[in-house]
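The values are calculated or read from the model by the stated rules, or taken from the named source; none is laboratory data. Given the structure is predicted, the values throughout are model-derived calculations rather than measurements. All Cβ positions, even for glycine, are placed from backbone atoms using ideal geometry, and neighbour counts span all protein chains on display.
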């Protein structure tokens, strides 16, 4: 069967979609000191990033005691707070980050792995 121009165009479009780079997700995690709660929030955020964004992310951990100006500029009122800066719109999650299903909904991320409560 002979390929029509529309078939070639469709196949070229599908190849371009498959090859396009995925956008990087930019996250900031605000914690308060070197507490156990802060450590757990950091581990959970890193695990989320590794499993869901597969290397296409940037995670910045900010200690509000060491960098209070950044906390003020980010309008952080409680810790831990996870902020998705990019892609827009900005999303904020406040709390201990224990329920991963809530993380996916709050960050507007489609879960690739099984969600554990």
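Identify, from the list 97, 103, the residue that is modelled with pLDDT under 90, in contact with a strand residue (DSSP E or B) (Cβ under 7 Å, 6 or more places away or on another chain) and assigned to a helix (DSSP H, G or I).
Answer to the check: 103.
Being in contact (Cβ under 8 Å) with a residue 12 or more places away in the chain, touching a strand residue (DSSP E or B) at 6+ places or on another chain (Cβ under 9 Å), surrounded by fewer than 19 Cβ atoms within 10 Å (Cβ to Cβ) and more than 21 Å from residue 89 (Cα to Cα), is that true of even one residue in region 47-62?
no
Pick from region 1-27 the residues that are assigned to a loop (DSSP other than H, G, I, E, B) and modelled with pLDDT of 70 or more: which of them is nearest to residue 76 (Cα to Cα)?
Checked region 1-27; the qualifying residue nearest to residue 76 (Cα to Cα) is 24.
Quick check, is residue 30 within 20 Å of residue 95 (Cα to Cα), surrounded by 14 or more Cβ atoms within 10 Å (Cβ to Cβ), in contact with a strand residue (DSSP E or B) (Cβ under 8 Å, 6 or more places away or on another chain) and modelled with pLDDT of 85 or more?
Values: within 20 Å of residue 95 (Cα to Cα): yes; surrounded by 14 or more Cβ atoms within 10 Å (Cβ to Cβ): yes; in contact with a strand residue (DSSP E or B) (Cβ under 8 Å, 6 or more places away or on another chain): yes; modelled with pLDDT of 85 or more: yes.
Criteria met by residue 30.
Residue by residue through region 49-82, note down the ones that are part of a helix (DSSP H, G or I) and farther than 13 Å from residue 28 by Cα.
50, 51, 52, 68, 69, 72
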